[in-house]
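Step one of this worksheet: look at the structure below.
The values are calculated or read from the model by the stated rules, or taken from the named source; none is laboratory data. All values reported here derive from a predicted model rather than from experimental measurement. All Cβ positions, even for glycine, are placed from backbone atoms using ideal geometry, and neighbour counts span all protein chains on display. Calculation scope for accessible area: heavy atoms of the full protein, side chains included, ligands and nucleic acids excluded. Shrake-Rupley method; radii C 1.70, N 1.55, O 1.52, S 1.80 Å.
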Amino acid sequence: MPKTVNYIGTKALGFYHKLNVTADQMISGFTIRGYDKSAAQSYAAENNIPFTVLADAATPVANFYASSVNEKSAVLCWSRTSDKGYILEQYKGGKWTQIYKTAKNSDTSYTVSGLSSDVTYTFRIKSYIVSGSTEKYSAYTRLAVKTPIINVSSFKATANQNTIVLSWSRNTAATGYIIEQFKSGKWKQIYVTKNNTTLGYAVSGLAEGTPYTFRLKSYRTANDKTSYSNYTAVKATTPLSAMKNAVVKSTSSSAIALAWGQNANATGYIIEQYKGGKWTQLAVTKNNTTLTFTVKGLAECTPYSFRVKAYKNDGGKTNYSDYVTVKASTLLGTVKNAKVTSTTGTWITLGWDRNTSATGYVLEQYKGGR
């Protein structure tokens, strides 16, 4: 029922009359569609006829914003309306150009690609309804989006024991760079360059065996205004310090005992032996207080090489120290079955088993108190 209708006679719509029946009959399934506070709405209410309110116009889109913006694209978002759908336009080439239309009011985002860095773009959006065969539109909601300047193309971190060296590629479009470190639950600025030719920074005083996260953004200052790029992040873990005071504690003909100093930052230690042309793991301690290990079953009078490193388990990852190598030789075995084989007058004959590893034997007699 159009708005121009301002009067509807009694039972003019939704009823019929049967011959020989006194009362008028209501038409089954009859519905009136019209506008709010109109004559049609009043007539439907008076006669208990179902009524559907037609929208005069679509509802303007609210909360139009960019949820993500980089140098080449922007994700535009908006709140859902009860209307049919949305039409999104971009101002380019001196005029407004439609870049997106959807007939689903649940579609509330769109990614605009093909943008350039450090440029301000203007968009507008309207919702629409369909009334009969006609689309009706809301007023536009506008949004200006500025893309950031480009950032560096590479950002790397090289970790030493107590230092992480950050390096990055040059950004000729930038005035300089800003470095931040994530610590104590937030990002903290640690370095700002005054030019775009400084391409490295060493972060010192760090704890060993600890993961660190840094991020970098470029900035450009022109006409008293400063523009920034998006961030590029990098992670690095400082290694554990190498084992200290690693020594051979004792040797025998078949065993070598190793010892080393404690690393309070370590979870434990790994001991390896070089044999068969390669390093073979012998043991892994489960704590950092076990500071000795005895390698048994060795051949006598033989040189051996061992190495020890600390490890630390942290967040599902394992970090290691450098190796410390220790070399030692087992002793000759003692003479076995040494005995007196015979005595005759002034002679005593001694005998012993052969030691195939020996060059010879040294025989001593205790006399004169020494």
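Applying the selection to region 216-263, what residues are modelled with pLDDT of 95 or more, surrounded by 18 or more Cβ atoms within 10 Å (Cβ to Cβ) and hydroxyl-bearing (S, T, Y)?
Of everything in region 216-263, those that are modelled with pLDDT of 95 or more, surrounded by 18 or more Cβ atoms within 10 Å (Cβ to Cβ) and hydroxyl-bearing (S, T, Y) turn out to be S218, Y219, S229.
All but one of (1) open to solvent by 20 Å² or more (accessible area, probe 1.4 Å); (2) touching a Ser or Thr at 6+ places or on another chain (Cβ under 9 Å) hold for F306; which doesn't?
(1)
Yes/no matrix, rows are residues, columns are (1) surrounded by 14 or more Cβ atoms within 10 Å (Cβ to Cβ); (2) among the β-branched types (V, I, T); (3) under 15 Å from V324 (Cα atoms):
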| site | (1), (2), (3) |
| --- | --- |
| N265 | yes, no, no |
| I271 | yes, yes, yes |
| W279 | yes, no, yes |
| T285 | yes, yes, no |
| K296 | no, no, no |
| C301 | yes, no, no |
| Y311 | yes, no, yes |
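Rundown of residues vs (1) of a type in the set (A, V, I, L, M, F, W, C); (2) in contact with an Asp or Glu (Cβ under 9 Å, 6 or more places away or on another chain); (3) closer than 30 Å to S229 by Cβ, yes/no style:
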{"site": "K18", "(1), (2), (3)": "no, yes, no"}
{"site": "F30", "(1), (2), (3)": "yes, no, no"}
{"site": "I49", "(1), (2), (3)": "yes, no, no"}
{"site": "E71", "(1), (2), (3)": "no, yes, yes"}
{"site": "E89", "(1), (2), (3)": "no, no, yes"}
{"site": "A103", "(1), (2), (3)": "yes, no, no"}
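Within region 304-355, track down each residue that is farther than 30 Å from G209 by Cα, in contact (Cβ under 8 Å) with a residue 40 or more places away in the chain and part of a loop (DSSP other than H, G, I, E, B).
T330, L331, L332, G333, T334
Just to be sure, is Y121 assigned to a strand (DSSP E or B), more than 28 Å from S73 (Cβ to Cβ) and modelled with pLDDT of 95 or more? Working first, answer last.
Numbers: assigned to a strand (DSSP E or B): yes; more than 28 Å from S73 (Cβ to Cβ): no; modelled with pLDDT of 95 or more: yes.
Here the answer is no, as Y121 does not meet what is asked.
Being among the polar types (S, T, N, Q) and modelled with pLDDT of 95 or more is the filter here; which residues of region 189-215 pass it? First the steps, then the outcome.
First pass over region 189-215, keeping only residues among the polar types (S, T, N, Q): 189, 193, 195-198, 204, 210, 213.
Matches in region 189-215: Q189, T193, N195, N196, T197, T198, S204, T213.
To keep it simple, each residue is scored yes or no on (1) closer than 30 Å to G94 by Cα; (2) open to solvent by 20 Å² or more (accessible area, probe 1.4 Å); (3) within 23 Å of the chain's Cα centre (by Cα).
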site: I125; (1), (2), (3): yes, no, no
site: Y128; (1), (2), (3): yes, no, no
site: K156; (1), (2), (3): no, yes, yes
site: N160; (1), (2), (3): no, yes, yes
site: Q181; (1), (2), (3): no, no, yes
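Inside region 207-229, can you point out the residues that are more than 21 Å from the chain's Cα centre (by Cα) and within 30 Å of K317 (Cβ to Cβ)?
A207, E208
Hand me the list of strands (runs of 3 or more DSSP E) wholly inside region 37-118 holding 3 or more residues that are charged (D, E, K, R) and open to solvent by 70 Å² or more (accessible area, probe 1.4 Å). Full working, then the answer.
Values: elements: 51-54, 65-69, 74-77, 85-92, 95-102, 109-112.
Filter on region 37-118 gives an empty set.
So in region 138-152, with the set limited to residues that are at pLDDT 95 or above and among the hydroxyl-bearing types (S, T, Y), which one is least open to solvent (accessible area, probe 1.4 Å)?
Per the stated criteria, the residue is T147.
Please find, among Y191, Y177, the residue that is surrounded by 19 or more Cβ atoms within 10 Å (Cβ to Cβ) and not aliphatic (A, V, I, L, M). Walk me through how you get there before you give the answer.
Details: Y191 fails: surrounded by 19 or more Cβ atoms within 10 Å (Cβ to Cβ).
None of the other options fit; the residue is Y177.
Restricting to region 325-370, what's the tally of residues that are aliphatic (A, V, I, L, M), within 60 Å of the chain's Cα centre (by Cα) and open to solvent by 70 Å² or more (accessible area, probe 1.4 Å)? Write out each step before concluding.
The first filter runs over region 325-370 and keeps only residues aliphatic (A, V, I, L, M), leaving 326, 328, 331-332, 335, 338, 340, 348, 350, 358, 362-363.
Then drop every residue that is not within 60 Å of the chain's Cα centre (by Cα), which leaves 326, 328, 331-332.
Next cut, open to solvent by 70 Å² or more (accessible area, probe 1.4 Å) only: 331-332.
Here the count works out to 2.
Provide a single number: the residues in region 29-58 that are in contact (Cβ under 8 Å) with a residue 24 or more places away in the chain and either among the aromatic types (F, W, Y) or on the phi > 0 side of the Ramachandran plot (or both).
Count: 2.
In this structure, is A144 under 30 Å from I125 (Cα atoms), among the small types (G, A, S), touching a residue at least 24 places away in the same chain (Cβ under 8 Å) and assigned to a strand (DSSP E or B)?
On the way: under 30 Å from I125 (Cα atoms): yes; among the small types (G, A, S): yes; touching a residue at least 24 places away in the same chain (Cβ under 8 Å): yes; assigned to a strand (DSSP E or B): yes.
It is true that A144 is under 30 Å from I125 (Cα atoms), among the small types (G, A, S), touching a residue at least 24 places away in the same chain (Cβ under 8 Å) and assigned to a strand (DSSP E or B).
From (1) in a loop (DSSP other than H, G, I, E, B); (2) modelled with pLDDT of 90 or more, pick out the condition that doesn't hold for A358.
Tallying (1) in a loop (DSSP other than H, G, I, E, B); (2) modelled with pLDDT of 90 or more, A358 fails exactly one: (2).
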